[in-house]
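Asker: Let me begin by handing over the structure; questions about it come next.
The values are calculated or read from the model by the stated rules, or taken from the named source; none is laboratory data. Being a predicted model, the structure only gives us computed values, none of them experimental. Cβ atoms come from the backbone with ideal geometry, glycine included; neighbour counts cover every protein chain shown. Calculation scope for accessible area: heavy atoms of the full protein, side chains included, ligands and nucleic acids excluded. Shrake-Rupley method; radii C 1.70, N 1.55, O 1.52, S 1.80 Å.
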Amino acid sequence: MRRTLSALALFTLFAAPTLAAKPEDAKMPVETPFGKTADGTPVSAFTLTNKNGVKVKIITYGGIVAEWHAPDKDGKFADIVCGFDDLKGYLDGHPYFGAIIGRVGNRVGNAKFTLDGKEYTLAANNGKHSLHGGKEGFDKKVWKGEAVSTPAGPAVKLTYTSKDGEEGYPGTLVSTVTYTLTDDNALRIDYHATTDKATPVNLTNHSYFNLSGHNAGDILNHVLELKADKYTPGDDTLIPTGKVEPVKGTPYDFTKPTRIGDRIKEIKADPVGYDLNFVHGAKREAAPQSVAKVTDPKSGRTLEVLTTEPGIQFYTGNFLDGKVKGKGGAVYNQYGAFCLEAQFFPDSPNKSEFPSIILKPGEQYTQTTIYKLGVTK
């Protein structure tokens with residue numbers, strides 16, 4: 001079973017970085033207004049800056065990573081995540097750019113599941129399936145934001161309470177997500193949640209990366225290495241069959257550094273591209289493990305992903321079609337960015353053979369994912 005430790009032990013094991021720190025330990029994030037939602041709820045932006053000048057902007061709408069400015073091999077800065085200049089772009093609808101995903105990330109087949117003998121019906125927003133928490137998931141909620149200074153770097157703590165029955169899920173879930181920008185150019189994301197009824201929980205972040213710059217064209221020349229020798233094959237609607245199969249001999253084998261575009265046309269999907277859960281473990285780890293590394297030969301930027309989660313969804317922006325106009329009028333075309341979403345496996349509530357994502361009262365949901373930037377000459 002996934003949860004064998006006591007609630008206290010789990011909390012101690014995965015607790016976010018200590019928030020009690022002296023102001024001189026790190027720069028405090030700067031909070032600025034970022035507009036209002038249709039019902040007048042104010043949205044804030046928190047800008048985190050480290051000692052190297054790397055800057056990350058987080059907005060309280062959806063907990064979205066709206067900007068991430070980082071240097072290339074020549075020290076030139078560029079914004080490497082897709083997004084919009086203002087709140088309207090996000091409110092008008094978008095493919096989850098930079099957002100916190102929940103209550104359950106990825107797909108739940110046929111938008112229903114059975115728990116403790118009771119069937120729950122969810123909002124179907126991906127054909128007949130439920131995707132990324134439903135029609136009004138965590139990506140469309142305004143989170144409560146708090147700027148904090150930690151020994152590791154500036155941070156923003158976001159909190160949201162999802163009421164019992166929201167999007168069809170049982171239990172009131174209180175979630176906290178803390179983003180910390182460290183001085184080694186990593187964005188650490190610590191997740192924590194508790195519930196008053198048994199409920200599935202699978203939180204993640206859906207940032208779209210282009211290491212050459214968010215407006216720099218496709219990512220097919222980026223090189224990916226995944227420390228995952230298995231994957232969960234799915235049907236034409238991307239619902240897993242329940243099997244876990246080896247990647248060897250398939251276009252999904254990234255166990256050695258491989259150009260993303262090398263075998264992308266071999267993928268039998270509509271639209272063509274990668275959108276798949278890779279398996280690198282069978283349970284949550286005690287500490288973040290390095291599971292992926294992407295290198296951009298053009299800029300020299302690298303992105304390493306470390307996580308406690310046993311799965312990671314690799315997505316190549318297959319559904320981007322040029323209709324979304326982003327920051328500075330950027331046009332986001334197909335393959336214009338990639339996502340690496342740390343997670344438990346898709347459709348877990350309906351797959352008893354997969355690790356369970358059920359959180360029970362008295363337990364602590366915790367996970368940590370780190371996106372660490374570097375450069376190679």
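Asker: Which length gain, in nm to one decimal place, applies between residue 115 and residue 85 when the Cα-Cα distance is subtracted from 0.36 nm times their residue separation?
Answerer: Details: separation 30, 0.36 × 30 = 10.80 nm, distance 4.16 nm.
Answer, rounded to one decimal: 6.6 nm.
Asker: Ok, one more. Taking amide H positions as placed 1.01 Å from N in the peptide plane, with prolines and chain starts having none, which residues 5 or more places from residue 231, or on another chain, fall under 5 Å of its amide H?
Answerer: Answer set, sorted by chain and number: 245, 247, 279.
Asker: Right, here's the next one. At 7 Å along Cα-to-Cβ for each site, give me the label-to-label distance between residue 282 and residue 229 in nm.
Answerer: 1.4 nm
Asker: Between residue 236 and residue 289, how many nm apart are label points set 7 Å from Cα along the C-beta direction?
Answerer: 3.6 nm
Asker: Right, here's the next one. Efficiency by 1/(1 + (r/R0)^6): what FRET value for residue 32 and residue 183, r their Cβ-Cβ distance, R0 = 30 Å, to the nearest 0.05? All intermediate terms of the calculation are to be shown ahead of the outcome.
Answerer: Values: r = 23 Å, r/R0 = 0.76.
So the FRET efficiency works out to roughly 0.85.
Asker: In whole percent, and with a 1.4 Å probe on the protein chains, what portion of the accessible area of the stretch 17-136 is carbon and sulfur? Spell out each step's value before the answer.
Answerer: Working: 2630 of 5340 Å².
Using a 1.4 Å probe with all protein chains present, the stretch 17-136 comes out at 49 percent carbon and sulfur.
Asker: Moving on to the next point. Distance check, please: which entries in 230/268; 118/351; 323/377; 243/268; 157/298 exceed 25 angstrom between their Cα atoms? Spell out each step's value before the answer.
Answerer: Details: 230/268 18 Å; 118/351 16 Å; 323/377 35 Å; 243/268 18 Å; 157/298 34 Å.
Table pairs above 25 Å Cα-Cα are 323/377; 157/298.
Asker: Evaluate the relative contact order of the stretch 30-375 (contact order divided by residue number), counting alpha-carbon pairs under 8 angstrom at least 6 apart; express in whole percent.
Answerer: On the way: 929 pairs, mean separation 62.0, N = 346.
The normalised contact order for the stretch 30-375 reaches 18 percent.
Asker: While we're here: For the stretch 181-279, give the magnitude of the charge dipole about the Cα centre (Cβ charges: +1 Lys/Arg, -1 Asp/Glu; no others), in debye to the nearest 20. If you can, show how the numbers build up before the last one.
Answerer: Details: 11 positive and 15 negative charges, 49 e Å.
Dipole of the stretch 181-279, to the nearest 20 debye: 240 debye.
Asker: Can you tell me, using C-alpha contacts under 8 Å and at least 6 residues apart, the relative contact order of the stretch 39-79 as a whole percent?
Answerer: Numbers: 59 pairs, mean separation 10.9, N = 41.
Averaging sequence separation for qualifying contacts and normalising by length gives 27 percent for the stretch 39-79.
Asker: Size of the chain along its principal axes in angstrom, Cα-based, largest extent first?
Answerer: Here the Cα extents, ordered largest to smallest, are 58, 50, 40 Å.
Asker: Let me ask something else about it. What longest region of the chain stays clear of GluC sites (Glu not before Pro) that DSSP places outside H, G, I, E and B and that have at most 15 other Cβ atoms within 10 Å? Spell out each step's value before the answer.
Answerer: On the way: sites that count: 136, 353.
For GluC sites (Glu not before Pro) (loop position, at most 15 other Cβ atoms within 10 Å), the longest site-free span of the chain is 137-352.
Asker: Which whole-number value in Å² is the accessible area per residue of the chain, probe 1.4 Å? Intermediate values should be presented prior to the final figure.
Answerer: Numbers: 15290 Å² over 377 residues.
Computed with neighbouring chains in place, this is 41 Å² per residue.
Asker: Give, as ranges by residue number, the residues of the stretch 272-308 whose backbone N falls under 20 Å from the point 7 Å along Cα→Cβ of residue 262.
Answerer: Under 20 Å, as judged by backbone N against the label point of residue 262, lie 273-280, 291-305 of the stretch 272-308.
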